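Beneath this line is the structure, given in structure tokens, with notes to follow.
The values are calculated or read from the model by the stated rules, or taken from the named source; none is laboratory data. Just so it is clear, the structure is predicted and the values come from calculations on it, not from any experiment. Don't worry about glycine lacking a Cβ; one is built from the backbone with ideal geometry, like all the others, and counts go over all protein chains shown. Heavy atoms of the whole protein, side chains included, go into the accessibility calculation; ligands, DNA and RNA do not. Shrake-Rupley method; radii C 1.70, N 1.55, O 1.52, S 1.80 Å.
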Amino acid sequence: MTIPAVELNDGNSIPQLGYGVFKVPADETERTVSQALEIGYRHIDTAAIYGNEAGVGAAIASSGIPRDELFITTKLWNDRHHGGEPRAAIGESLDKLGLDRVDLYLVHWPTPAKDDYVHAFAKLIELRDAGLTRSIGVSNFLVPHLERVVSETGVTPAINQIELHPAYQQRDVVAWATDHGVRIESWGPLGQGKYDLFGTPAVADAAAAHGVTPAQAVLRWHLQKGIIVFPKSVRAERLRENLDVFGFTLTDAEIAAIDALDPLDGSGRVGSHPDDVN
């Protein structure tokens, strides 16, 4: 199966669908990532704070897959923004991953109360220029954070990874990203099971119409909107199901019905607000 690639504003490209290992226990990560790679995933998203980079690295090492066929993302944690810490942090991540570079390195949260995210992103520019990561971006950044980073560093992130699912679509952030050539990645693309997304008529009807599961219908919604997505599962059958979303296309009406699930008042958020994570 060929997973579509999305071009980034720096000339690199990223598989539009990948495998995320948030909350995958460290002692299960090698097995689950190995499963994912065997099934056909080539894009793996991890982070220093997840505590499972070593498992990702072990799976990569044993896979036999050429490095240039893989896209590996990790992230800079909140207490490593200052001074020379970003370089030390990526060094530690690369050691655990068993790699000499990653494909994407992200500032995990803006931590606005510390007011050090611009410095952190400026250091990521240096890490990119040093060849330790091919692309750089941010995660959980809102429009004011994005505007400040660009104005003060002169560099536009390639990616902004944000909470995004039908009940919380962050339209202002997505619109800014679209206008500035920033690609959006969604975390929690299925709402993390924190509300009855699959029971909504918009999702259930779309799934029934195409003979797919509700999860597949929602993942297809993300893909058709140009969003990069990496659902998490530890079960092989679910990994296969999540990858099997390229054989059908939602109609414009089905897309619009799922779009309409966002109450637009922010009440659909299931994770933390970026201003509160410091």
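Details
- Among the protein heavy atoms of the chain, carbon and sulfur supply 49% of the accessible surface, probe 1.4 Å, non-protein parts ignored.
- Its residues counted as N, the chain yields a C-alpha radius of gyration over 2.2 N^0.38 Å of 0.96.
- Ordered from highest to lowest accessible area with the whole protein assembly present and a 1.4 Å probe, 195, 50 read as 195, 50.
- GNM result for the chain, Cα springs below 10 Å: residue of 214, 144, 166 fluctuating most strongly: 144
- In this structure the chain gives 40 Å² per residue of accessible area when probed at 1.4 Å with all protein chains present.
- Note on the chain: dipole from Cβ charges, positive end direction compared against 181, 206, 22; the farthest Cα belongs to 22.
- Checking the Cα-Cα distances for 23/123; 75/96; 114/232; 23/194 against a 20 Å cut-off, the pairs over it are 23/123; 114/232.
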